[in-house]
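Notes for the one structure printed next.
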Amino acid sequence: MDSSNTVEATVDAPLVDRDLAYAIEQFLYREARLLDGERYEEWLELMAEDIHYWMPGIQARYRADKVAKISLSRMAYFDDDLDYLRKRVERARQTTAWAEDPPTRHFHMVTNIEVQPTERPNEWTVHSLVFNLRHRNEAEQLELTARRRDLIRQEATGVLKIARRFIQLQQTVLQAKNINTFL
Amino acid sequence: MSFSHPQSRQTEDADALRGLVDPKQGWLDRSIFWDPAIYAVELERIFARSWIFVAHDTQVPNVGDFLTTYVGEDAVIVSRARDNKVHVFINSCSHRGNRVCFAEAGTARRFTCNFHGWSYGLDGALSGVTAEHLYKNNPTFDRKKLGLHKARVESYGGMHFANFDPDAPSLADYLGDFRWYLDIILDNDEGGIEFIDGNIKSRLKCNWKFPAENFIGDAYHATWTHSSALLALFGKVPEMHADRSYQVNANGHGWEFGTDFVGNAATLCEPEIVDYLRESEAMFQERLGKTRSRMVGSLSSATVFPNLSFLAGHNTFRTWNPKGPTETELHTWVFLNRNAPDALKEKYRRGVMLTFSPAGVFEMDDGENFEHCTASNAGVVTRRRKLHTGLGLGSEIDHPELKGHVHQNQINEANHRAFYQRWVDLMTAPIWADVPAR
Ligand code: FES
Ligand SMILES: [Fe+2]
C-alpha cells in the first residue's frame, strides 16, 4: 500500500468482460442486502476460508511524513480471519446483545464498482465505495463512508467468494459509539 | 443552576456543588451529567488542574517525535525536544490563535503556523517570526513571552502526564498510594511496558464521567451488559467471588479486581497470552509480591482520576476526553511488556481489537449504555430524582497488605463514591491546598 496516499492509483487496468463485471456487481449488491437484513450466517458463506477482513485505524499525518498512514501492525477496527468474524456474528445472535435490540435499521449502499484482472484467472481486484447508515432507537443516525478493495475469487464450483477485504474508513475519529455492522 | 467564573466564584456555588453529590451515602444529582454550567466548572477545576495522561514514552521515542491530543478541551502538542524531555504545550498560536499542528502524530523539527508563519521549537518556544524586522522596537513584542503555553510534565513508569496548574501537587503526590497499584502493570517486568502503534479514536454521545466511573468500579455491569460477548466467546459468564475480590482507591483513583490472575487476559481469546502470564508468574511474584501478582491479568478495571482508564490483562489504556457535557472522545491504546516475545504483540493487538475497540464484542454494548444514561437527563422531571450509587455501603475493611481504602467484593460501588468524593473536593476547592488527600 502506497504510504502517501491510501487511494489506489491503478487506473489503466484493462477492462474485464462485461458478463463478469455484471456478475461481480450483482454479487456485491446481494451481499449488501444480506447485511441490511442482518443475514449474517449467509453473509459468512460469501467469505473464502482464508478471508482477511481488514479495517485499519486511519491516521491524519502530514503529506511529507514517510510513515505509512495505515499499517498491519497498527491498531485496527477489524483485522479478522473467518474465526474472528464468526465470533462477532455469534455475539450479535445472543438474545442478550442489548445493543442489537430493538434491531438497528441498516442501510448499505455500494457504488463505483470497478473490476480489475489479477495475475490469476479466477481472482479479481474489485474497488467499491460503501455508504452506510445505521438508524437506531428513536432518532439515532450514524453515518459511515468507506472505500473498499476486495479480492474476489471464483472457486472451482463456480461460486464467487470474498478472499480479501480492505476497508478504508474515511473518519480518523470514528463518529459513532460502535460499529455493530460489517462494511 | 448557574456558576460564575472561578475567579469571582461565591461560596453559594461551592455549597450548591456540594449538594449535588453525596459520596457517603451514594446519591448523585443527574445534573452533573447534563448541565453546561457544571461542565464549565469541570473544565476549569478538574481538567485544567489535574494530572492528565498525554502519552507513553514509547509513543514519542526520538527527538522531534510528536503527537497531538487534549487536556480537557484544550488541544495540546506532546513533543520530545532536543533536551530529550517530553514537553506539552497548547496547540494554538500566540499570534491570532490558529491551530499550529494538524497531524495526529509525526516527526518535526519545528511547528509552523499556517496563518502568518510564526514557528515554534520542539519545546514550544517561539523560534521564528515572519519579517521580524516589522516588530523592531515594538514595546510589547517579547519573543520569550510569546512561546506556546506550556504545561508541567511529569511521568510515572513511562506514562507522561500534563498539568496546567502551577500550584498542583507533584504527580507522585497526586497518584499517592495508587502508584503501588500502577506498578502491577507498569513494573511487573524490568523492561516496563510499551504502547503498540496506533490509537483508535471514537466519539460517544455521553458525559465523560459515565465511562470513567464505569472503569473505576463497575464490575456489577460486566456479566449483565457483556453477557452476549461472554456467551459468544465462552458459552458462559465468569463467576466473581466476593470473598476473593476487592475495590481499592486512593485520591479518587481506583481499581476493582478479582485475584484470579488471568480472568481478563483469558477473554482475549488468545491462549498464548494466558500461557505467557502463567510462565511469568514467578517473576511477577518476585517483583510485586504474591498479592499484587494475582492482579496482573485478573478480572478487573481501573481509572486514574479523572479520565485515564485501563484494563489489566486486556492490556488496554484509554482516555475519556470531554467534548461538551454530553459528548466524549475515546482514545484507545494497546500496551504490553516490552520484554514479552514479539509474537505476543500481535496477539494483544488482535485480541483487544476483537473485544475492546469500538467494533469489539464487549465495547459494543457499553457505548449504548453510556449514551442513554446521559440522554435521559434532558427531561427536567427526570433530573429531579437522584441516582443511587450505594452498592456496598459499609464494605470497607482493613487489609494487611493492600494500600489505600480497601473494600471487600469487587461488585461494589465504593470506587464510584470515591471518584465523586474527589470530584466534589476539586470542584469546590478554590486552590489545590484546599483539596484533601483521600
Ligand atoms: S496566527 Fe499564527 S502566525 Fe498569525
Ligand atoms: Fe463494559
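The values are calculated or read from the model by the stated rules, or taken from the named source; none is laboratory data. Note that the coordinates shown come from a computational prediction; the quantities given were computed from them, not determined experimentally. Heads up, the Cβs are rebuilt from the backbone with ideal geometry, glycines too, and the neighbour counts pull from every protein chain shown. With ligands, DNA and RNA removed, areas are computed over all heavy atoms of the protein, side chains included. Shrake-Rupley method; radii C 1.70, N 1.55, O 1.52, S 1.80 Å.
Some notes on this structure:
- Here the relative contact order of chain B, from alpha carbon pairs under 8 Å that lie six or more residues apart, stands at 21 percent.
- Basic side chains Lys and Arg get +1 at the Cβ, acidic Asp and Glu get -1 at the Cβ, and with that the dipole of region A:95-168 about its Cα centre reaches some 240 debye.
- Under 30 Å from A:Lys87, Cα to Cα: lysines that are on another chain or at least 8 residues apart: A:Lys69, A:Lys161, A:Lys177, B:Lys201, B:Lys205, B:Lys236, B:Lys345, B:Lys347
- Magnitude of the charge dipole, the protein assembly as shown, Cβ model with Lys/Arg +1 and Asp/Glu -1, debye to 20: 1600 debye
- Of the GluC sites (Glu not before Pro) found in region A:16-112, those in coil by DSSP whose Cβ has at most 13 other Cβ atoms within 10 Å are A:Glu45.
- Ranking B:Leu354, B:Thr316, B:Pro36 by Cα position along the charge dipole of chain B, where only Lys, Arg, Asp and Glu carry charges on their C-beta atoms, puts B:Pro36 farthest toward the positive end.
- Residue-wise HN-Hα couplings along region A:16-27, as the Karplus relation 6.51 cos²θ - 1.76 cosθ + 1.60 with θ = phi - 60° gives them from phi, are 8, 4, 4, 5, 5, 4, 4, 4, 5, 4, 4, 4 Hz; Gly and Pro carry x.
- Amide H partners (placed H, <5 Å) of B:Val76, local residues excluded: B:Thr69, B:Tyr70, B:Val71, B:Asn91
- Ranked order, B:His133, B:His56 - accessible area, probe 1.4 Å, largest first: B:His133, B:His56
- Loop-exposed chymotrypsin sites (Phe, Trp or Tyr not before Pro) per DSSP, neighbour cap 15 Cβ within 10 angstrom, longest uninterrupted part of chain B: B:142-438
- Based on the convex hull around the alpha carbon atoms, the protein assembly as shown presents an average projected area of 30.9 nm².
- Each residue of region B:255-265 was assigned a 3J(HN,Hα) from its phi angle through the Karplus expression (A = 6.51, B = -1.76, C = 1.60, θ = phi - 60°), giving 9, 9, 7, x, 10, 8, 6, 10, x, 5, 4 Hz with x at Gly and Pro.
- Shown here for region B:330-438: GluC sites (Glu not before Pro) in loop regions (DSSP other than H, G, I, E, B) with at most 15 other Cβ atoms within 10 Å, namely B:Glu401.
- Of the residues A:Ile152, A:Val67, A:Ala163, the one whose Cα sits farthest toward the positive end of the charge dipole of chain A, with +1 on the Cβ of Lys and Arg and -1 on the Cβ of Asp and Glu, is A:Val67.
- In order along region A:157-167, phi translates into HN-Hα couplings of 6, x, 6, 8, 9, 8, 9, 9, 9, 10, 10 Hz, rounded to whole numbers, per the Karplus curve 6.51 cos²θ - 1.76 cosθ + 1.60 with θ = phi - 60° and x for Gly and Pro.
- Within-13-Å neighbourhood charge of B:Ser127 [Cβ basis; K, R +1; D, E -1]: +3
- Exposed trypsin sites (Lys or Arg not before Pro) absent: longest stretch of chain A, with sites in DSSP loops and at most 15 other Cβ within 10 Å deemed exposed: A:94-183
- Sparse-neighbour loop sites [trypsin sites (Lys or Arg not before Pro); region B:122-188; at most 15 other C-beta within 10 Å; DSSP]: B:Lys136
- Free-standing Cys residues across chain B, given no other cysteine C-beta under 4.7 angstrom: B:Cys101, B:Cys206, B:Cys269, B:Cys373
- For region B:400-438 versus region B:152-173, the gap between their alpha-carbon centres in whole angstrom: 19 Å
- The alpha-carbon of B:Lys144 sits under 26 angstrom from the alpha-carbons of these lysines, leaving out residues fewer than 8 places away in its chain: B:Lys85, B:Lys136.
- Remark on B:Ser301: its backbone amide H falls under 5 Å from those of B:Glu256, a criterion applied only to residues 5 or more positions apart or on other chains, H modelled at 1.01 Å from N.
- Total formal charge among the other residues, if their Cβ is under 11 angstrom from that of A:Arg61, Lys/Arg +1 and Asp/Glu -1: +1
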